[in-house]
């Protein structure tokens, strides 16, 4: 699940919760922490991709090359 889908799911959940029985605070904090972690991991992956490109290594999101065939050459 991408960050956009996660955020959309979270906002939809908040919009449709019962105001007389709101979501447990611990669950809300856990979901926000998961979203924060996802965002940080995405940023780390982007930085690693940039470093790899600087060294001439294909990006992890580059589907045009197969990493197993590149290693055997």
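The values are calculated or read from the model by the stated rules, or taken from the named source; none is laboratory data. In this text the structure is predicted, and so the values were computed from the model without any measurement. Here Cβ is always computed from backbone atoms with ideal geometry, including for glycine, and neighbour counts include all displayed protein chains.
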Does segment 39-73 hold any residues that are modelled with pLDDT under 85 and assigned to a helix (DSSP H, G or I), and which are they?
67, 68, 69, 70, 71, 72
Please work out if residue 37 is within 19 Å of residue 3 (Cα to Cα) and touching a helix residue (DSSP H, G or I) at 6+ places or on another chain (Cβ under 8 Å).
no
